Amino acid sequence: MSVAFTREEDLEATAADLPDRPISPHPNLVTPSGLAAIDTALAAARAAYSAAQAKGDIEADRTAMARATRDLRYWSARRATAQLVETEPDGRVRFGGSVTIARADGRAQTWRITGEDEADPAAGSVSHVSPLAVALMGKTTGDEAVVAGQTVEIVAVD
């Protein structure tokens, strides 16, 4: 059937049928800044949901309502399961801390180990369940670990 013969409402209904955001099966460990970010995202989701309801004509924009509902469910679940972890530096790679590694090619990289929702590799943070974090957890300065099939040396732990 040609697109010319489909009704706009049908396209809107399809767009409004958004799948839920997947929720990790891992413990929802968060740093204090991660918990604050979840609270901010939850407040934004509540505001978007209220705004979508306030428009009054939910049928006219079901996509906005579906998106707001999905995000509200996700952030409510993440907030309800958040486990705040505050650790003190003890010389070992740990949740909430930073680690600098030296690769064989001479590159040094610093990573902060965070919760899943606050992880942003481009900004230098990785999730505590990432292969990198799992390989480094509990190690100290001078230890070696295998990351992505290559041996790296831990040169600093903060």
| Among 44-51, 130-137, 22-29, 92-99, what's the highest-first ranking by average C-beta atoms within 10 angstrom per residue? | 92-99, 130-137, 44-51, 22-29
| field | Of Thr114, Thr100, Thr87, the one that fluctuates the most in a GNM where the chain has Cα springs shorter than 10 Å | value | Thr87
| remark: the chain accessible area per residue, 1.4 Å probe, protein heavy atoms, integer Å², reads 59 Å²
| note | In the chain the accessible area split gives carbon plus sulfur, as whole percent at 1.4 Å, a share of 54 percent
| query | Could you give the nm distance between label points at Thr151 and Ser50, where each point is 7 Å from its Cα heading toward the beta carbon? | reply | 5.8 nm
| remark: For the chain, the longest principal axis of the Cα atoms and the Cα long axis of helix 32-54 enclose an angle in degrees, to the nearest 10, of 0 degrees
| remark: Per the charge dipole of segment 26-158 (beta-carbon charges, Lys/Arg positive, Asp/Glu negative, Cα centre), the residue among Ala156, Met137, Leu72 reaching farthest to the positive end is Leu72
| Which angle from 0 to 90°, rounded to the nearest 10, does the C-alpha axis of helix 62-81 make with the longest principal axis of the chain? | 40 degrees
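What number, rounded to the nearest 500 deg cm²/dmol, is the helix-based mean residue ellipticity at 222 nm of the chain, given -39500 (n - 2.57) per DSSP H run of at least four residues and division by all its residues? Could you put the intermediate results ahead of the total?
On the way: 4 runs with 58 residues, N = 158.
Calculated from helices alone, the mean residue ellipticity at 222 nm is -12000 deg cm²/dmol.
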| query | How big is the accessible area of Glu116 in square angstrom, nearest 10, if you roll a 1.4 angstrom probe over the protein chains? | reply | 50 Å²
| message | Could you put Thr63, Thr140 in order of accessible surface area, largest first, with the 1.4 Å probe and the full protein assembly present? | response | Thr140, Thr63
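The values are calculated or read from the model by the stated rules, or taken from the named source; none is laboratory data. Just so it is clear, the model here is predicted, and its values are computed rather than measured. Heads up, the Cβs are rebuilt from the backbone with ideal geometry, glycines too, and the neighbour counts pull from every protein chain shown. Side chains included, ligands, DNA and RNA excluded: accessible areas come from the protein's heavy atoms. Shrake-Rupley method; radii C 1.70, N 1.55, O 1.52, S 1.80 Å.
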